[in-house]
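So the structure is just underneath, and the comments pick up after that.
The values are calculated or read from the model by the stated rules, or taken from the named source; none is laboratory data. Everything quoted here is computed from the prediction, not taken from an experiment. No Cβ is skipped: glycine too gets one built from the backbone with ideal geometry, and neighbour counts run over all protein chains shown. Calculation scope for accessible area: heavy atoms of the full protein, side chains included, ligands and nucleic acids excluded. Shrake-Rupley method; radii C 1.70, N 1.55, O 1.52, S 1.80 Å.
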Amino acid sequence: RKNFQLLVLGLVALVIISSLFFTLYYQKNRLLVALVKQQRGAMERESQRERRSQVLADGKKRELIAQLEELMKEKQVYCENLLTKERVAEMLKTNRTYLSQVINEVYGKSFTQYINDLRIEEATRRLDRPDNRRALRLIGQDLGFNSPTTFNTQFQQRTGLTPAQYRQKVQQLADVPEASED
């Protein structure tokens, strides 16, 4: 009877340990798949941007897009807290209507969507570093979001995860040792 109890206990322990390892493996794979999909999506969006920029027939539009991309990528004005279409148009020496039209034609989105996409892309870059321990609300503020709620909502709409969930998944991925191939 005692041997039977030990056998049952051993089997239960084995099932629990096996379940734990399977769960960790499954979560890691799901996270990897999600990150790969996200990266592919980002690469596809970048490719679409490049194609759209190439097919613009109007030299003025091409010049405006080049200036806009320089302003956003190099100077990162999208991080300004109260950034408006009018302010960006002023920086680019154009009017807000033309700026809005060009963003819509080239990127297929509104000015606000364009700015928020840039902010969320930067947020994911920052959160992809497991050593980044900056408070999430401060990251949102750094990127120009007026409130943590707006940051969380925009982040979740674009990634499917809240910033806290995303950070946790990145940390889990960093903590799980890679399986060695034999």
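Couple of notes before you dig in:
- Qualifying residue in region 28-49 (condition: at pLDDT 90 or above and either open to solvent by 100 Å² or more (accessible area, probe 1.4 Å) or in contact with an Asp or Glu (Cβ under 9 Å, 6 or more places away or on another chain) (or both)): no
- Conditions (1) closer than 28 Å to E50 by Cα; (2) not in a helix (DSSP H, G or I): number failed by N104: (2)
- For region 125-151, a residue qualifies if it is part of a loop (DSSP other than H, G, I, E, B), open to solvent by less than 100 Å² (accessible area, probe 1.4 Å) and not acidic (D, E), and the qualifying residues are P130, N132, A135, L143, G144, F145, S147.
- Consider region 107-124 and keep the residues that are of a type in the set (S, T, Y) and either outside any helix (DSSP H, G or I) or within 16 Å of T84 (Cβ to Cβ) (or both). The one that is most open to solvent (accessible area, probe 1.4 Å) is T112.
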